[in-house]
1. Let me spell it out: the conditions are (1) buried (at least 18 other Cβ atoms within 10 Å of the Cβ); (2) on the phi > 0 side of the Ramachandran plot, and ASP53 meets all of them except one. Which number is the exception?
2. Got at least one residue in the range 112-134 being more than 9 Å from the ligand (Cβ to nearest atom) and within 17 Å of ALA44 (Cβ to Cβ)?
3. What is the residue count in the range 36-48 for residues that are assigned to a helix (DSSP H, G or I) and either crowded, with 18+ Cβ neighbours inside 10 Å or within 11 Å of the ligand (Cβ to nearest atom) (or both)?
4. Across the range 70-84, what is the number of residues that are more than 6 Å from the ligand (Cβ to nearest atom) and polar (S, T, N, Q)?
5. How do the pairs read when you match residues in the range 72-84 that are among the charged types (D, E, K, R) with residues anywhere that are at pLDDT 95 or above and within 8 Å of the ligand (Cβ to nearest atom), using Cβ under 7 Å and keeping only pairs 6 or more apart or on different chains?
6. Output the residues belonging to the range 85-105 that are without any contact (Cβ under 8 Å) to a residue 24 or more places away in the chain and either within 7 Å of the ligand (Cβ to nearest atom) or of a type in the set (Phe, Trp, Tyr) (or both).
7. How do the pairs read when you match residues in the range 9-31 that are touching a residue at least 12 places away in the same chain (Cβ under 8 Å) with residues anywhere that are of a type in the set (Asp, Glu) and assigned to a helix (DSSP H, G or I), using Cβ under 9 Å and keeping only pairs 6 or more apart or on different chains?
8. For the range 49-98, give me each residue that is farther than 14 Å from MET1 by Cα and in a helix (DSSP H, G or I).
Amino acid sequence: MIELHPITPENHAAARKLAVAPEQRNFVATIDKSLADAYVYKDALFRIAFHNDQPVGYVLVFPFDKGEKRVVNIVRLMIDAQFQGQGLGRALLNKTLAWIDSLTPTPDEVRISTLPANVRALTLYRSAGFEGSALEDGEVALYRVAGR
Ligand SMILES: CC(C)(COP(=O)(O)OP(=O)(O)OC[C@H]1O[C@@H](n2cnc3c(N)ncnc32)[C@H](O)[C@@H]1OP(=O)(O)O)[C@@H](O)C(=O)NCCC(=O)NCCS
């Protein structure tokens, strides 16, 4: 089971060791860049993913208004290289979607995007109900109705 927690003085040293495999580095920004982004963009929300009390990944989301719609963009989502391939990425995505549904104001739509070469992530996102294939800023952008 995945639990999401803010970064704290107690967990940051372990959490900041989280990293993807070298060949995945162009798919997701580092935890330090993600923390800097969450500091700069005040509406962004950053969480560490814990499994069995151990940090295994992180997620950065950004809620924004698009016309009348409240959209939450999952800007970053990763599982540390040593914990991949065990179902934790899917568990983290599901936990993140439940968390997003609990935010105020209530979101209408969830967005996620990744590079076209990231087949693993695209397969995961589509199997979780995300749809879309248009490129936005060079990434495949996928959308899902919130609250399902
Ligand atoms: C993408 C990522 C989060 C998936 O996490 P994971 O723990 O490895 O994935 P899971 O074990 O939960 O598998 C989830 C699904 O991914 C897909 N998948 C897993 N390995 C795959 C592979 N080698 N090739 C294609 N699809 C694959 C499958 O659909 C799988 O679901 P299933 O096993 O029920 O069929 C993780 O690999 C990662 O952090 N990658 C680097 C960072 C990144 O690319 N982040 C996303 C872009 S922001």
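1. (1)
2. no
3. Residues meeting the conditions: 1.
4. Adding up the residues that qualify gives 2.
5. Pairs that qualify, where the first residue is among the charged types (D, E, K, R) and the partner is at pLDDT 95 or above and within 8 Å of the ligand (Cβ to nearest atom), are ARG76/VAL28; ASP80/GLY57.
6. If the condition is that a residue be without any contact (Cβ under 8 Å) to a residue 24 or more places away in the chain and either within 7 Å of the ligand (Cβ to nearest atom) or of a type in the set (Phe, Trp, Tyr) (or both), then GLY85, GLN86, GLY87 are the ones that fit.
7. Short answer, once both residue conditions are applied: ARG16/ASP32; ALA29/ASP37.
8. Scanning the range 49-98 gives ALA81, GLN82, LEU97.
The values are calculated or read from the model by the stated rules, or taken from the named source; none is laboratory data. For clarity, every value in this text was computed on a predicted model and none was experimentally measured. Ideal geometry is used to build each Cβ from the backbone, glycine not excepted, and the neighbour counts take in all protein chains shown.
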